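Inspection log for the structure reproduced underneath, given as structure tokens.
The values are calculated or read from the model by the stated rules, or taken from the named source; none is laboratory data. Quantities reported herein were computed from a predicted structural model and do not represent experimental measurements. Note: ideal-geometry Cβ built from the backbone for every residue, glycine included; neighbour counts use all protein chains shown. Heavy atoms of the whole protein, side chains included, go into the accessibility calculation; ligands, DNA and RNA do not. Shrake-Rupley method; radii C 1.70, N 1.55, O 1.52, S 1.80 Å.
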Amino acid sequence: MNDVNSMLQDIRWETEATRRYTGRAALSPRVMQAMAEVPRERFVPEDMRALAFRNGPLPIGHGQTISQPFIVALMTDLLEPEPDDVMLEVGTGSGYQAAILSRLVRKVYSLEVIEPLARRARALLADLGYDNVEVLHADGHAGLPEHAPYDGIIVTAAASTVPPALIEQLKPGARLVIPVGRPGWSQVLKVIEKRIDGSVSERDVLDVAFVPLTHGTGAGGD
Ligand code: SAH
């Protein structure tokens, strides 16, 4: 089995193993296709390429990590992406999650608070021809009102509480997928849905471990 196929196999296995928490026995074929297509090895540091397809997180510099493949696939699936959707990501990191989403929706806006990471992800995504992703250097707590409302919002860093702006910027019927809890060992991955009538429902999916969502960009946005 090659590296990509073994990664896909691990995702299928872990999806099956966690189905009682996630409510998903299998992920959508579109999501699995995107996981198969996007070259994950390009999003990890060069000296770690041999480990790129292992089902675990990897360091990407600046104290940050690229999430493990299963979590990327699950969070993407929980967003229920449709081809015409416009989505917002908070926490660009390597750009890998944004690249996966870019294969599934019309447009992705992604916010990154660490400027060099934003710059590197922007360059890599352009190099790979993923031209429907826009990476912005900003603190994601405020979301991105300019292009709201969104068909889905994904946060890939742990928030101690759900930033209200992100719920405001959801379309009715859309979901926010976000790990919530104190930084440290584990948080709860939540799916927050804004119903058509504007009310909000919340579901706990799985215990996860993310780097913290921090405040402020230091030097300011660009
Ligand atoms: N989605 C990424 C993984 C990101 S790790 C990937 O696929 O590689 C979490 C990222 O969130 C880090 O890069 C971190 O710098 C960023 N981050 C933390 N707090 C943030 C904030 N308030 N706004 C935007 N990005 C933030």
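Which of rounded, prolate or oblate describes segment 57-121 when judged by the alpha-carbon gyration tensor and an a/c cut-off of 1.5?
Values: a/c = 2.70, a/b = 1.47, b/c = 1.84.
Note, shape of segment 57-121 comes out oblate.
T65's amide H: which non-local residues (gap 5+, or another chain) put their own amide H closer than 5 Å, with H modeled 1.01 Å from N in plane and none for Pro or chain starts?
Hits under the 5 Å cutoff: I60.
Quick check: pseudo-label points 7 Å beyond the Cα along Cα→Cβ at R49 and Q33, how many nm apart are they?
Modelled inter-label distance: 2.8 nm.
Among A25, A121, A159, whose mean-square fluctuation peaks in a Gaussian network model of the chain (Cα, cutoff 10 Å)?
In this elastic network of the chain, the residue with the biggest mean-square fluctuation among A25, A121, A159 is A25.
With θ set to phi - 60°, apply the Karplus curve 6.51 cos²θ - 1.76 cosθ + 1.60 along segment 184-195 and write out the HN-Hα couplings as whole Hz, x wherever there is a Gly or Pro.
Rounded to whole hertz, the list is x, 5, 9, 10, 9, 7, 10, 10, 10, 10, 8, 6.
Return the FRET efficiency for the residue pair E41, K171: r is the Cβ-Cβ distance, R0 is 45 Å, and the value is rounded to the nearest 0.05.
Details: r = 35 Å, r/R0 = 0.77.
For R0 = 45 Å, the calculated efficiency reads 0.85.
How far apart, in nanometres, would the label points at A25 and V162 be if each is projected 7 angstrom from Cα along the Cα-to-Cβ direction?
Here the answer is 2.9 nm between the modelled labels.
Calculate for the chain the 222 nm mean residue ellipticity that helices alone would give, adding -39,500 (n - 2.57) per DSSP H run of length 4 or more and normalising by residue count, nearest 500 deg cm²/dmol.
On the way: 7 runs with 64 residues, N = 222.
Helix contribution divided over all residues of the chain: -8000 deg cm²/dmol.
Given the options A26, A138, A98, state which has the largest fluctuation in a GNM of the chain using a 10 Å cut-off (strictly under) for Cα springs.
Taking springs between Cα atoms under 10 Å, the residue moving most is A26.
Could you list which residues have their amide H under 5 Å from that of V90, counting only those 5 or more apart in sequence or on another chain, with H placed in the peptide plane?
Long-range HN contacts for V90: L111, I154, V155, T156.
Please give, to one decimal in nm, the separation of the simple spin-label points placed at D197 and E82, each 7 Å out from Cα toward the Cβ.
About 2.1 nm separates the two model spin labels.
Students often get this wrong: which residues of segment 152-167 have the backbone nitrogen under 16 Å from the point 7 angstrom along Cα-to-C-beta of D204?
Those under the cut-off are 159-162.
Which whole-Hz couplings ³J(HN,Hα) result when phi for each residue of segment 149-157 is put into the Karplus expression 6.51 cos²θ - 1.76 cosθ + 1.60, θ = phi - 60°, listed in order with x for Gly and Pro?
Taking θ as phi minus 60°, the curve returns x, 9, 7, x, 10, 10, 10, 10, 9 Hz for segment 149-157.
Could you compute the FRET efficiency for R182 and A17, with r as their C-beta to C-beta distance and R0 at 22 Å, rounded to 0.05?
Numbers: r = 26 Å, r/R0 = 1.18.
E(calc), rounded to 0.05, equals 0.25.
Tell me, what HN-Hα J-couplings in whole Hz come from the Karplus equation 6.51 cos²θ - 1.76 cosθ + 1.60 at θ = phi - 60° for each residue of segment 32-38, using x for Gly and Pro?
Values per residue, Gly and Pro as x: 5, 4, 4, 5, 6, 7, 6 Hz.
I need two numbers for segment 3-208: Rg to one decimal and Dmax as a whole number, Cα atoms only, in Å.
Calculated on Cα positions, Rg and Dmax stand at 15.7, 50 Å.
Contact order normalised by length for the chain, with contacts defined as Cα pairs under 8 Å and 6 or more residues apart; what percent is it? Please report the intermediate quantities before stating the final value.
Details: 458 pairs, mean separation 34.0, N = 222.
Relative contact order comes out at 15 percent.
Name the shape class, rounded, prolate or oblate, that the alpha-carbon gyration tensor gives for segment 80-156, where a ≥ b ≥ c are the square roots of its eigenvalues, rounded holds for a/c under 1.5, and otherwise prolate holds if a/b is larger than b/c and oblate otherwise.
Details: a/c = 1.88, a/b = 1.12, b/c = 1.69.
Oblate, because a/c is 1.5 or more while a/b does not exceed b/c.
Can you find, among A50, A121, P83, the residue farthest towards the positive end of the dipole of the chain? Put +1 on the C-beta of Lys and Arg, -1 on that of Asp and Glu.
Positive-end residue among those listed: A50.
Could you check how much of the accessible area of segment 3-208 is carbon and sulfur, as a whole percent, using a 1.4 Å probe? Walk me through the intermediate numbers first.
Working: 4540 of 8950 Å².
Here carbon and sulfur together make up 51 percent of the probe-accessible area.
Between V200, V180, V135, where does the largest GNM mean-square fluctuation fall for the chain, given springs only between Cα atoms within less than 10 Å?
For the chain, modelled as a Gaussian network with Cα springs under 10 Å, the answer is V200.
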